[in-house]
Amino acid sequence: MPAVVDTEKCTACETCVDVCPSAAITMVDGKAKVDPDLCVECETCIDECPSEAISME
């Protein structure tokens, strides 16, 4: 199950982009977006997101 972003909570801080080891997260229209094909389900982005906008499906 790849990580998913709650766009209502995402503040576009880009912390998740910086910490993702597989480069699965990019910014699209000012919000983080996870590429499920690249996500390795390590949960690093969940641990590091200051606004708690990311979770596992």
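The values are calculated or read from the model by the stated rules, or taken from the named source; none is laboratory data. Since the model is a prediction, treat every value here as computed from it, not as a measurement. As a convention, Cβ positions derive from the backbone with ideal geometry for all residues, glycine included, and neighbour counts pool all protein chains shown. Only protein heavy atoms, including side chains, enter the accessible area calculation; ligands, DNA and RNA are left aside. Shrake-Rupley method; radii C 1.70, N 1.55, O 1.52, S 1.80 Å.
Data for the structure
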| quantity | calculated |
| --- | --- |
| HN-Hα J in Hz across the stretch 5-11 - Karplus 6.51, -1.76, 1.60, θ = phi - 60°, x for Gly and Pro | 10, 7, 5, 5, 8, 5, 9 |
| Accessible area per residue in Å² at 1.4 Å probe, computed on the chain | 63 Å² |
| 12 Å beta-carbon shell around ILE25, net charge (K/R +1, D/E -1) | -2 |
| Options [x] 13.9, 47; [y] 21.2, 72; [z] 9.5, 25 - which one matches Rg and Dmax of the Cα atoms in Å as calculated here | [z] |
| Built amide H within the under 5 Å cut-off of ALA3, gap 5+ | GLU41 |
| About the Cα centre, charge dipole magnitude for the chain (Lys/Arg +1, Asp/Glu -1 at Cβ), debye | 140 debye |
| Counted charge near CYS39, where neighbours are those whose Cβ lies closer than 14 Å (Asp, Glu -1; Lys, Arg +1) | -4 |
| Unmatched cysteines, the chain - criterion: no other Cβ of a Cys under 4.7 angstrom | CYS10, CYS13, CYS20, CYS39, CYS42, CYS49 |
| Within-11-Å neighbourhood charge of ASP6 [Cβ basis; K, R +1; D, E -1] | 0 |
